[in-house]
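Here's the structure we're looking at; comments come further down.
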Amino acid sequence: MILTRRRTFGAIAASFFLAYAFTIVPLPELLQPYRPDLVALTVFFWLVSVPNWIGVGIAFFCGLLLDSLHGSLLGQHALALTVFAYITLKFHLRIRVFTVWQELVALFLLLFIYHFLLFWSDGLSQQIKNPGWSHLAQLFASVAIWPAWVVLLNSFARRSA
């Protein structure tokens, strides 16, 4: 039992490390607006899969780490990921039984809330770096990459079992 817990923690940590690694990899200027939110997708996956291991606190910490990596307003991504994680946890039992298309719609709506909060906090702080279309491009790129990201994270989860 302890070995399974250690392996599960290792799989979760490895998946977050991979998500952050892909987040900081530089992309060409043309592709930069289409960078998927892999940290948010990873939080979503683990919240639905093992909600006892990942919670709102972990999402807040992940958001603070994203804020420091992006050099954005401290707490901006933390707030957005916390709200994202809270809503996901509230409905995780329903999301777990969704079909693939229903899950994509739920993820789209949750990521829309996440990006709306980022756009809103940019407007409040008067530091609008990304126009609204950039947030929409990231939203659609994240939803498009979700099936491939699930396959990768499922391989991490299977190895930990």
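Every number here is computed from the coordinates shown, using simple stated rules; none is lab data. If you're wondering where the values come from, they're calculated on a predicted model, not measured in any experiment. With ideal geometry, Cβ positions are generated from the backbone for all residues, glycine too; neighbour counts draw on all protein chains shown.
Here are some notes:
- Computing FRET efficiency as 1/(1 + (r/R0)^6) for W101 and L64, where r is the C-beta to C-beta distance and R0 is 35 Å, gives about 0.55.
- Inter-label distance for L74 and A148, nm, one decimal - labels placed 7 Å from Cα along Cα-to-Cβ: 3.6
- Among 141-153, 44-56, 98-110, the order from most to least packed when residues are scored by Cβ within 10 Å on average: 44-56, 141-153, 98-110
- Annotation: extensible slack from F9 through V25 equals 3.3 nm (criterion: 0.36 nm per residue apart, minus Cα-Cα distance).
- Calculated [222 nm] ellipticity per residue, helices only, for the chain: -26000 deg cm²/dmol; basis is -39500 (n - 2.57) per DSSP H run with n ≥ 4, divided by all residues, nearest 500.
- The simple Förster model, with R0 at 41 Å and r as the Cβ-Cβ distance, assigns R159 and W120 a FRET efficiency of 0.60.
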